[in-house]
Every structure is written in C-alpha cells, then in structure tokens.
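S.K.: Handing you this structure, nothing more for now.
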Amino acid sequence: METTYHGTARAGDGMSQLRDLIYETCGIYFADSKRYFLESRFARRMEAVGAKSFKEYHSYLRHGSDRQAEIQKLIEEITTNETSFFRNMPQFQALQTLILPRMVAAKGAIGFKRLKIWSSACSTGEEPYTIAMILMEKATTLLAGWGFEIIATDINDQVLARAREGIYSEYAIRATPEYHKKKYFVAQPGGSLAISPDVKKYIKFQNVNLYDDSRMVFLKGLDIIFCCNVLIYFDQTSKKKVIQHFYNNLNRGGYLFIGHSESLFGINDEFKLHHFPGGVMYQKPL
Ligand SMILES: C[S@@+](CC[C@H](N)C(=O)[O-])C[C@H]1O[C@@H](n2cnc3c(N)ncnc32)[C@H](O)[C@@H]1O
C-alpha cells in the first residue's frame, strides 16, 4: 500500500498534501474513496481558521503560528471514536480466565506483584474502565496483595476529557453485566451514569500519539497492551511501526490484544499467536 498520496486525483489542489500531513502526523491512511469525508472535515476547520483553499489550509498547518493546536483540532475531526463498555466480551473473558492467572503465576514466582496494563487507543474511556472492573473483581482473590495500574491513552484530547469525566449514557453500557452496572456506576440526574471514583483511581489518562516514536519509547515495562479498533485506520507501514513499539514495550511473556477484525498477519512474526474461545491474542515470547 502506498504511504503518500502524491499523484492521486486532483494532485496540486492541496488535498493530497493534507492527506500526507495527516499520515505523517498520526499514521492514519485515507484512501481516495474517503475523499468526500475528508473534504467535509477539512471544510469545517478551514472555515474556523479562515483558509480559502486546501492549499492555504495546508500552508497554515505547516507554517501557522498555532499549527500544533490546529493539527490537534483536525485530528479530532477525522478520528473515529466509537467504543463501549465490554465491547469485545470474549477478549475480556480471556483476560480474566486465562491471562490473569498465567501472569500471577509467572510474576508471583519471581515475587514481583504488580501489573501494568495499557489501553492504547482508549477513546472515551470505556475500554480501560472495563479492564479496571475486571481487575477489581479479582482484588480479594487472585490479585490479593497485588498492585495494578492502567495507563489509558489516545491522540484526541476531546475524548480524553470525556474519559476523565466518566459520565456515560445507557447506550454506552448496553453490554455491561447487571452486576457491574450496580456495583461500579452511580446514577446521575437525567438518566446518565457516572463511573465510580473507586474505578477511576486505577487509571491514568494521557495524550499519546501511537505514531510518535519519541513518546512510544518511554512506555516500557508493560504486561498487557490493548490496541483495539485503531490499526484498521493505518496502512501496513504505520501498523508495522506501531506494533514494533508494542513489542519493545511489553515485558517478556506479556500479551497484546487487537480488535476483532484486525490481525498481525504480514505485520509482525515475533509475537506468538494464541487462540481463545471467540478470538486471538498475541504474546511476546518468554
Ligand atoms: C474506534 S476508537 C477505539 C476505542 C477502543 N479501543 C475500542 O476498541 O472500543 C479508535 C481510537 O483511536 C484513536 N487514535 C487514532 N489514531 C491514533 C493515534 N495515532 N494515536 C493514538 N490514538 C489514535 C482515536 O482518537 C480513537 O479514539
């Protein structure tokens, strides 16, 4: 797959340069078929900054005095943030019944009773909060005497602000078991639900761009990484780069979960593939 867009339809109108800039910034690849989607998103930002053409907007993003802030706003326009609690139930069952017991056995044997988990494209927070609830359920049994922390990151500051706030609609928690709804959510006036502060305290939200090498090299010592439903927006080259970082960031024996429709086939052959009922997971060899 190509990694730049020069020479595609209507080259020279600034559109392909804008798509290149998005790709270089965050690894997200927009095929020609997405042109109308992109045009409408660019149009909103162009109106906001007073740019009259794609070329002028591109120049603004490259050389404008607040170019970083504008790039952030553009990324917020073009990213897809759909998510929900317990989105991929078989994955969370594998975490609970397979991975946690294995991790406790392996790390417990060397006396290191801490788990570090990274939800790497966390959107509005449903994924890391789901992980926290699963760990909390084990806090007095399997994980008694263990510490755990969850780092939750995204490139989009708007979704991170909503994640920190932790207020959700009934729709976002539609797949959440009744038991967890009752135990970990507090009803709000108007029908929404707030995640309990007991769950919040395990999670640190941060802005991290998965395509930014300078940030990725610092996220070390991880036991489990979730990178779900974001690789689909990347091309092969950007997927390879991000997955290599995950490999380097995981402890030996650590696990990587990706989205149900995503695969590491042709991307990385260092991970060991494991099947579980309803999905797959990847392990960095011991
Ligand atoms: C569809 S959501 C997935 C949310 C959650 N992981 C799930 O599976 O339900 C994709 C998220 O990836 C984020 N994203 C896109 N490109 C990114 C990048 N380069 N670095 C970090 N996050 C990125 C988007 O902002 C969005 O919130």
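S.K.: Can you tell me how many residues within the range 201-221 are touching a Phe, Trp or Tyr at 6+ places or on another chain (Cβ under 8 Å) and away from the ligand (no atom under 15 Å from the Cβ)?
M.R.: Qualifying residue count for the region: 1.
S.K.: Please count how many residues of the range 176-206 are assigned to a strand (DSSP E or B), surrounded by 14 or more Cβ atoms within 10 Å (Cβ to Cβ) and over 19 Å from the mean Cα position of the chain (by Cα).
M.R.: Looking only at that region, the number is 4.
S.K.: Mind counting the residues in the range 108-131 that are at pLDDT below 95 and assigned to a helix (DSSP H, G or I)?
M.R.: The qualifying residues number 2.
S.K.: Right, here's the next one. Given Leu231, Leu256, Leu264, which one is near the ligand (Cβ under 10 Å from one of its atoms), under 23 Å from Thr79 (Cα atoms) and not small (Gly, Ala, Ser)?
M.R.: Leu231
S.K.: Return the total of residues in the range 254-265 being crowded, with 17+ Cβ neighbours inside 10 Å and either out of contact with any His (no Cβ under 9 Å at 6 or more places or on another chain) or not assigned by TED's automatic domain parsing to the domain that holds Ala121 (or both).
M.R.: 7
S.K.: Here is a further query. Which of the residues belonging to the range 83-99 are under 20 Å from Val230 (Cα atoms), more than 9 Å from the ligand (Cβ to nearest atom) and not hydrophobic (A, V, I, L, M, F, W, C)?
M.R.: Scanning the range 83-99 gives Pro90, Gln91.
S.K.: Evaluate the range 146-162: report whether one residue or more is among the acidic types (Asp, Glu) and under 28 Å from Thr25 (Cα atoms). Let's see the steps before the verdict.
M.R.: Of all residues in the range 146-162, those among the acidic types (Asp, Glu) come to 149, 154, 157.
Then drop every residue that is not under 28 Å from Thr25 (Cα atoms), which leaves 154, 157.
Yes, some residue in the range 146-162 is among the acidic types (Asp, Glu) and under 28 Å from Thr25 (Cα atoms).
S.K.: If I ask for residues that are touching an Asp or Glu at 6+ places or on another chain (Cβ under 9 Å) and either in contact (Cβ under 8 Å) with a residue 60 or more places away in the chain or part of a loop (DSSP other than H, G, I, E, B) (or both), which ones from the range 148-170 would you list?
M.R.: Ile155, Asn156, Asp157, Gln158, Val159, Tyr168
S.K.: From the list Asn251, Asn209, Asn268, pick out the single residue that is buried (at least 18 other Cβ atoms within 10 Å of the Cβ), modelled with pLDDT of 95 or more and assigned to a loop (DSSP other than H, G, I, E, B).
M.R.: Just a single option satisfies the conditions, and that option is Asn209.
S.K.: With respect to the numbered conditions (1) out of contact with any helix residue (DSSP H, G or I) (no Cβ under 7 Å at 6 or more places or on another chain); (2) at positive phi, which one is the sole condition not fulfilled by Leu286?
M.R.: Condition (2) is where Leu286 drops out.
S.K.: Check off (1) of a type in the set (S, T, N, Q); (2) surrounded by 13 or more Cβ atoms within 10 Å (Cβ to Cβ); (3) modelled with pLDDT under 95 for Gln93 and give me the number that stays unchecked.
M.R.: (3)
S.K.: Please find, among Ile173, Ile243, Ile224, the residue that is part of a helix (DSSP H, G or I) and either within 10 Å of the ligand (Cβ to nearest atom) or within 28 Å of Val280 (Cβ to Cβ) (or both).
M.R.: Ile243
S.K.: Checking the condition in contact (Cβ under 8 Å) with a residue 24 or more places away in the chain and within 13 Å of the ligand (Cβ to nearest atom), which residue from Gly145, Gly125 passes?
M.R.: The conditions single out Gly125.
S.K.: Is it the case that Ile28 is over 25 Å from Leu193 (Cβ atoms), of a type in the set (A, V, I, L, M, F, W, C) and within 25 Å of the chain's Cα centre (by Cα)?
M.R.: For Ile28, the condition - over 25 Å from Leu193 (Cβ atoms), of a type in the set (A, V, I, L, M, F, W, C) and within 25 Å of the chain's Cα centre (by Cα) - is met.
The values are calculated or read from the model by the stated rules, or taken from the named source; none is laboratory data. Source: prediction; values computed, not measured. Methodologically, a virtual Cβ is constructed for each residue, glycine included, from the backbone with ideal geometry; neighbour enumeration extends over all protein chains shown.
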